[in-house]
Amino acid sequence: MKIADGIEMIEIPMKMMGRESTIRPTLIWDDDTVILVDAGMVGTLPVIKKAMEDAGVPLKRLDKIIVTHQDIDHIGGIKNILEELPEVKVLAHEEDKPYIKGEKKLVRVNTKFMERISDLSEEEQKKVLYIFENSNAPVDITLADGEELADCGGIVVIHTPGHTPGHICLYHKPSKTLIAGDAMNISEGQLVGTNNLILTEEDVKTATASLKKFEKYNVENVITYHGGLFNDDPNQRIKEFNNDEA
């Protein structure tokens, strides 16, 4: 789905742990640089490749993958891309770097996670665990809060810890688009905060506090990874749910 000139939301059907959903990496480009924000799951490269071709941006032009955070549905597809294009650089926040590289166990593989997959068969549990334990990827460049990348008219890095320690959102200045990763979602057509059901109480507090950072930006579009596009006065909605949590 085209958001504006030079920015496209890619929609990918996903089935994981018996649940079907849609995930949404973002493609950003200009004449000089092509960036993919998040890489989907293992095996989603054909969908990404076709979406890029449809947008007039062939995969071979890809320069960078920016990872919003370490969750498997964001990093799982990186290896597939690097197998075709080993020169592509991977960027992520320094706090999530050791998890993405496989030096630390992904934070989502915890007691709650094991409870969620307990209803699966033993074989299915092994498949899920294998994917989680074998999707590590390199991180070539680390990103910091407030850093502005000169690419594609300017992209601001916003560190939004809570969902994971190194979760980041990106503000694409030319289109006034906030790429929210999992920091926000859409529920019943309305913009809301992160999925609190998978977080500890302390992480929920941290994630909620992170949302206040968005108020300094003039946002016309919000791309949430699991909810899709929200463009019904997101500035006002961000203020509302920040006030609700005050």
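The values are calculated or read from the model by the stated rules, or taken from the named source; none is laboratory data. Just so it is clear, the model here is predicted, and its values are computed rather than measured. Every residue, glycine as well, gets a Cβ built from its backbone with ideal geometry; the counts of neighbours run over all protein chains shown. For accessibility, only protein heavy atoms count, side chains too; no ligands or nucleic acids. Shrake-Rupley method; radii C 1.70, N 1.55, O 1.52, S 1.80 Å.
Quick notes
- Where Lys50 falls short, out of the listed (1) open to solvent by 70 Å² or more (accessible area, probe 1.4 Å); (2) charged (D, E, K, R); (3) in a helix (DSSP H, G or I); (4) within 30 Å of Thr200 (Cα to Cα): (4)
- Within the stretch 37-47, tally of residues that are within 17 Å of Leu170 (Cα to Cα), among the hydrophobic types (A, V, I, L, M, F, W, C) and assigned to a loop (DSSP other than H, G, I, E, B): 1
- The condition of being surrounded by fewer than 19 Cβ atoms within 10 Å (Cβ to Cβ) and either under 18 Å from the mean Cα position of the chain (by Cα) or farther than 18 Å from Glu133 by Cβ (or both) holds for only one of Glu83, Glu103, that being Glu83.
- Residues located in the stretch 1-36, provided they are surrounded by 13 or more Cβ atoms within 10 Å (Cβ to Cβ), of a type in the set (Asp, Glu) and not in a strand (DSSP E or B): Glu11, Asp30
- Residue within the stretch 190-212 that is polar (S, T, N, Q) and assigned to a strand (DSSP E or B) present: yes
- Test set (1) open to solvent by 60 Å² or more (accessible area, probe 1.4 Å); (2) under 25 Å from Gly146 (Cβ atoms); (3) within 19 Å of the chain's Cα centre (by Cα) - Asn221 fails condition number: (1)
- Sole residue being open to solvent by 20 Å² or more (accessible area, probe 1.4 Å) and at pLDDT below 90, chosen from Asp233, Asp203, Asp244: Asp244
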